[in-house]
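*Asks:* One structure coming up, written as structure tokens, with questions to follow.
The values are calculated or read from the model by the stated rules, or taken from the named source; none is laboratory data. Keep in mind that what you see is a predicted model, and the values were worked out from it rather than measured. Positions of Cβ are generated from backbone atoms using ideal geometry, with glycine treated the same way; all protein chains shown enter the neighbour counts. Only protein heavy atoms, including side chains, enter the accessible area calculation; ligands, DNA and RNA are left aside. Shrake-Rupley method; radii C 1.70, N 1.55, O 1.52, S 1.80 Å.
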Amino acid sequence: MPIEHELRTLAKTYSAKLNMQTNNRVEEMEQDDQSHFLIYRVLGVTTKEGKLIDIYQNKGRFLYKYAGSFLEEATKLCFKHKFPESGAVKIPNTLGQRPKTFEIDCLVDLDAIEIKWRDATTDGDHITKEHTRIKVISAAGYKPIRVMFYYPNRTQAQKIQNTLETLYKGIGGTYHWGDDAWNYVKDRTNFDLKALLEKIAEENAHEDE
């Protein structure tokens, strides 16, 4: 099956899941206690606007979750077509008890590829956890590779990503973000994932007209 067809199918599946989750949540919110709108009004936000803010805040959580999961699966699909034996693998944590295992998103030969659509965390502990993860992966004989398509906008989150990039390179791994991430996938798999997704997005835009 052509990868473009598989990506369309995957996109439709995730879109349907997203719509179902957001519609269910909006219905649930109709029954929610809305007494906190008092504080919104005190701060100059109308009840109508406050309701819309709450709805879109919830929709945003689902959108972020499904956008990340979709792009990860789409990337894995490219690697699966090029490297049929590739896939997710769990390895034991040899440097601690928690977590018991670490998951490699996509293992291609000895390349342990972590796929992120975006990592906007500002949690300092994230660096320690990620450092432990890549040390475990390296000790297992794999090369840690991070592929992150969208770089965070906030300064604190960018500082954490700068540190992670240094950690990856320091242990013999590689770190790809932005255009470099898209190019990495294209170079390794021969699929221009970004162009394929742009085509699907354009098709969806025409359907909405």
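*Asks:* Yes or no: segment 123-140 includes at least one residue that is in contact with a helix residue (DSSP H, G or I) (Cβ under 9 Å, 6 or more places away or on another chain), under 21 Å from residue 63 (Cβ atoms) and charged (D, E, K, R).
*Replies:* no
*Asks:* Moving on. List the pairs whose first member sits in segment 69-82 and is on the phi > 0 side of the Ramachandran plot, whose second member is of a type in the set (S, T, N, Q), and whose Cβ atoms are under 8 Å apart, counting only residues at least 6 apart or on separate chains?
*Replies:* Pairs found: none.
Per-residue answers, yes or no, for (1) surrounded by fewer than 16 Cβ atoms within 10 Å (Cβ to Cβ); (2) in contact with a Cys (Cβ under 7 Å, 6 or more places away or on another chain):
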site: 136; (1), (2): no, no
site: 154; (1), (2): yes, no
site: 165; (1), (2): no, no
site: 171; (1), (2): yes, no
site: 176; (1), (2): no, no
site: 185; (1), (2): no, yes
site: 190; (1), (2): yes, no
site: 193; (1), (2): no, yes
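*Asks:* Do you know which of the residues in segment 59-111 that are of a type in the set (D, E, K, R), open to solvent by 60 Å² or more (accessible area, probe 1.4 Å) and in a helix (DSSP H, G or I) is nearest to residue 140 (Cα to Cα)?
*Replies:* 80
*Asks:* Further, regarding this structure: Looking at segment 30-58, which of its residues are in a helix (DSSP H, G or I) and among the hydroxyl-bearing types (Ser, Thr, Tyr)? Quick ask: steps written out before the conclusion?
*Replies:* Residues of segment 30-58 in a helix (DSSP H, G or I): 37-42, 47-58.
If the condition is that a residue be in a helix (DSSP H, G or I) and among the hydroxyl-bearing types (Ser, Thr, Tyr), then 40, 47, 56 are the ones that fit.
*Asks:* Name the residues in segment 141-152 that are in contact with a helix residue (DSSP H, G or I) (Cβ under 8 Å, 6 or more places away or on another chain) and surrounded by fewer than 16 Cβ atoms within 10 Å (Cβ to Cβ), would you?
*Replies:* 151
*Asks:* A further question on this structure: Could you figure out which of (1) open to solvent by less than 40 Å² (accessible area, probe 1.4 Å); (2) closer than 28 Å to residue 187 by Cβ; (3) hydroxyl-bearing (Ser, Thr, Tyr) isn't true of residue 22?
*Replies:* Only one criterion in (1) open to solvent by less than 40 Å² (accessible area, probe 1.4 Å); (2) closer than 28 Å to residue 187 by Cβ; (3) hydroxyl-bearing (Ser, Thr, Tyr) is unmet by residue 22, namely (2).
*Asks:* Could you tell me which of the residues 130, 202 is without any contact (Cβ under 8 Å) to a residue 40 or more places away in the chain, part of a helix (DSSP H, G or I) and open to solvent by 40 Å² or more (accessible area, probe 1.4 Å)?
*Replies:* Result: 202 is the single residue among 130, 202 that is without any contact (Cβ under 8 Å) to a residue 40 or more places away in the chain, part of a helix (DSSP H, G or I) and open to solvent by 40 Å² or more (accessible area, probe 1.4 Å).
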